Amino acid sequence: MRARSVFEYAVIRIVPRVERGEFINAGVVVLCRQRRFLDARILLDAARLRALDPAAEPAAIAAQL
């Protein structure tokens, strides 16, 4: 039987306007120290971003991700 491993994660969020409290998830970072594992997946949904903030620039935000 294989020992259990603890995985930790952090969700990457885009918050176009903090005062409105709205955000979209754009990715996740996963870490497991026991297995020496670190990985990230990023996906920016430009349509959802524009729905929250029509003035947002998806290309500029994607470049920062």
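Can you pull out the residues in segment 12-29 that are open to solvent by 90 Å² or more (accessible area, probe 1.4 Å) and either touching an Asp or Glu at 6+ places or on another chain (Cβ under 8 Å) or touching a residue at least 40 places away in the same chain (Cβ under 8 Å) (or both)? Give the derivation first.
Kept after step one, since they are open to solvent by 90 Å² or more (accessible area, probe 1.4 Å), are these residues of segment 12-29: 13, 17-20.
Once the filter is applied, which keeps residues that are open to solvent by 90 Å² or more (accessible area, probe 1.4 Å) and either touching an Asp or Glu at 6+ places or on another chain (Cβ under 8 Å) or touching a residue at least 40 places away in the same chain (Cβ under 8 Å) (or both), segment 12-29 yields only ARG17.
Give all pairs with beta carbons closer than 9 Å in which a residue from segment 30-59 that is touching a residue at least 40 places away in the same chain (Cβ under 8 Å) meets a residue that is open to solvent by less than 80 Å² (accessible area, probe 1.4 Å) and not hydroxyl-bearing (Ser, Thr, Tyr); count only pairs at least 6 apart in sequence or on separate chains. From residues that are touching a residue at least 40 places away in the same chain (Cβ under 8 Å), the pairs are ALA56/ILE14; ALA56/PRO16; ALA56/ALA46; ALA56/LEU49.
Here are VAL28, VAL18: which of them is of a type in the set (Val, Ile, Thr) and more than 11 Å from the chain's Cα centre (by Cα)? Give the steps one after another, and end with the answer.
Working: VAL28 fails: more than 11 Å from the chain's Cα centre (by Cα).
One residue alone meets the criteria, VAL18.
Check whether at least one residue in segment 54-64 is polar (S, T, N, Q) and either open to solvent by less than 60 Å² (accessible area, probe 1.4 Å) or in contact with a His (Cβ under 9 Å, 6 or more places away or on another chain) (or both), and report yes or no. No, the conditions are met nowhere in segment 54-64.
The values are calculated or read from the model by the stated rules, or taken from the named source; none is laboratory data. The shown structure was predicted, so the numbers you read here are calculated from the model rather than taken from an experiment. In this analysis, Cβ positions are derived from the backbone assuming ideal geometry, glycine residues included, and neighbour counts consider all displayed protein chains. Only protein heavy atoms, including side chains, enter the accessible area calculation; ligands, DNA and RNA are left aside. Shrake-Rupley method; radii C 1.70, N 1.55, O 1.52, S 1.80 Å.
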